[in-house]
Amino acid sequence: MFRKQHLDKLYEDLNSAWRGKAEFDKLLRDAHLGIAYSDAGRPLDDIDARVVALIKKYRPSASD
């Protein structure tokens, strides 16, 4: 399950790469939905691939 420290890093990365660009709002919505899907164990099929990459990068391990 994502915790605050994981979310902070994910959103920091998303903001630094996409804030101010046309796609930012969609990517931000996908990030919120994708994190919820990830925590629920659901597939990320409908989530933008750029967001999926961030979720996989910052997803906590089982030991976190």
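Here are the numbers for the structure shown:
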| item | result |
| --- | --- |
| Any hit, segment 1-22, residues being among the acidic types (Asp, Glu) and not in a helix (DSSP H, G or I) | no |
| Selection count where residues are within 11 Å of Phe2 (Cβ to Cβ) and among the hydroxyl-bearing types (Ser, Thr, Tyr), scope segment 38-64 | 2 |
| Residue selected from segment 47-64 under the condition part of a loop (DSSP other than H, G, I, E, B) and loosely packed, with under 11 Cβ neighbours inside 10 Å, by the criterion nearest to the chain's Cα centre (by Cα) | Ser61 |
| Pairs where the first residue, in segment 3-32, is surrounded by 12 or more Cβ atoms within 10 Å (Cβ to Cβ) and the second is assigned to a helix (DSSP H, G or I) and among the hydroxyl-bearing types (Ser, Thr, Tyr), C-beta under 8 Å, 6+ apart | His6/Tyr58; Leu7/Tyr58; Lys9/Tyr58; Leu10/Tyr58; Asp13/Tyr58; Ala31/Tyr11 |
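Coordinate-derived values only; no laboratory data. All figures in this text were calculated on a predicted structure; none of them were measured in a lab. Don't worry about glycine lacking a Cβ; one is built from the backbone with ideal geometry, like all the others, and counts go over all protein chains shown.
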